[in-house]
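In what follows, a single structure is set out as structure tokens and then discussed.
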Amino acid sequence: KEHKHRTVGCTAPKTEGPDRPAKQPPAFGNLASETMRVGVIGAGVSGLVCAQHLIERSPDPVDVTVLEWGRGPGGRTARRRIRIPPSKDDMGGGTELSFDHAAPYFDARTLRFREGPLAQWRADGLAELW
């Protein structure tokens, strides 16, 4: 049975020669029996689309983790929420404001993007023509 191994991009040491064989890159198991694990950096539009494509279109099982430094997804299209504490005369609990603080829109330049992810986002009520 042929085994395929995942490898890390390694190069042979400069000191390799006839008396010192090149180091082999580390093997991480049999791809046929393991779920590939992928990390996507950034939960903006591009990162989320990338993660969605990896999950939906991979011929083999894939475990995708999206890493984001902010409080939530959206990247440059994210919405900011701030809490304004009550004044001394305010008997309520203060106020929460929500506003878009970055890019108010994005361009859908390709037909593939318009008919694929953007059409689904519109159907889900997550995006609208502006």
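Below is a table of values for the structure above.
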{"item": "Assigned charges on the beta-carbon of Lys, Arg, Asp, Glu; the stretch 32-88 dipole about Cα centre (debye)", "result": "800 debye"}
{"item": "Peptides ranked, highest mean first, by Cβ atoms within 10 Å: ranges 114-123, 53-62, 85-94, 36-45", "result": "36-45, 114-123, 53-62, 85-94"}
{"item": "Summed residue charge, Cβ within 14 Å of Gly47's Cβ, Lys/Arg positive, Asp/Glu negative", "result": "0"}
{"item": "Environment charge of Leu97, counting only residues whose C-beta is closer than 10 Å and scoring Lys/Arg +1, Asp/Glu -1", "result": "+2"}
{"item": "Under 20 Å from the Arg112 label point (7 Å along Cα→beta-carbon), backbone N, the stretch 53-71", "result": "53-60"}
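Where a number appears in this text, it was derived from the coordinates with a stated rule and is not lab data. Fair warning: this is a prediction, and the values are worked out from it, not measured in the lab. Here Cβ is always computed from backbone atoms with ideal geometry, including for glycine, and neighbour counts include all displayed protein chains.
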